[in-house]
1. Where does the Debye-calculated log10 I(q)/I(0) of segment 146-211 sit at q = 0.28 Å⁻¹, using only Cα point scatterers of equal weight, no solvent?
2. Work out the FRET efficiency for residue 77 and residue 38 from their Cβ-Cβ distance, taking R0 = 35 Å, and round it to the nearest 0.05.
3. If R₀ is 51 angstrom, what is the calculated FRET efficiency for the pair residue 250 and residue 17, using the beta carbon separation as r and rounding to 0.05?
4. Could you give the nm distance between label points at residue 242 and residue 215, where each point is 7 Å from its Cα heading toward the beta carbon?
5. Debye calculation, C-alpha points only, no solvent: report log10 I(q)/I(0) for segment 2-69 at q = 0.15, 0.16, 0.28 Å⁻¹, in the same order as the q values.
6. Semi-axes of segment 187-248's equivalent ellipsoid from the Cα gyration tensor, sqrt of 5 times each eigenvalue, largest first, rounded to whole Å?
7. Which of the peptides 159-172, 28-41 is most tightly packed, and how do the rest follow, judged by the mean count of other Cβ atoms within 10 Å per residue?
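Any read-out appearing in this document is the output of simple, stated calculations on the displayed coordinates, not a laboratory observation. Keep in mind that this is a model prediction, so the values were computed, not measured. Positions of Cβ are generated from backbone atoms using ideal geometry, with glycine treated the same way; all protein chains shown enter the neighbour counts.
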């Protein structure tokens, strides 16, 4: 990954100082990355900054970093799979790209299924435990059930289920900061349900939802109601919401009761 980053940086005519200024990554650390002298790949957040700044395809560097973190036997199987997919392309770039893409998706899907069986229905945790809620979703570049971290949920049969950490106090007292909540896309959301809400612009939130309509225009609306009484509700047209996913399980620390 290091030589690829250096080649792209030079192709764009950027110095290490300029790349550091645009990504917020220190110049010495960038130098270590380019020369392959870091023991482990940079964090996902830093890799995403490099992808965006240097014009890489979204997930291109991230895939290499994740592959580097996998055990050697899994990595060898994946490399072999890619080699077989490449040879099946018959020297046609479009066919080869499609074959490789299908091979990657198949590999990750199979890996996710095996992980799920091993952990007892492993559910991917799709946001990192950083400030703000939610942030750095890792489900956007992978098939369902594949993420950086998972939690076991034996009683849940939904293969599309995912989990996210609560990062603020808008849903207290029922949910506390640090809780992990599992959501099931297979269930139909109802008024009064606690739901993971994904907006059409890509933003997300975790709120209690109520289906309503504007009294004057009769336009269908959704009221997002925090459980914390100090937070005000938000009412918006249904068309601004791209997805609603019901909360079904919650993990929290019992020693903090």
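1. The Cα Debye sum returns log10 ratios of -1.45.
2. Here the calculated transfer efficiency is 0.90.
3. Details: r = 47 Å, r/R0 = 0.92.
Given R0 = 51 Å and the Cβ-Cβ separation, E is 0.60.
4. With each label point 7 Å from Cα toward Cβ, the separation is 3.3 nm.
5. Relative scattering, expressed as log10 I(q)/I(0), comes to -0.40, -0.46, -1.58.
6. Semi-axes, largest first: 17, 14, 12 Å.
7. 159-172, 28-41
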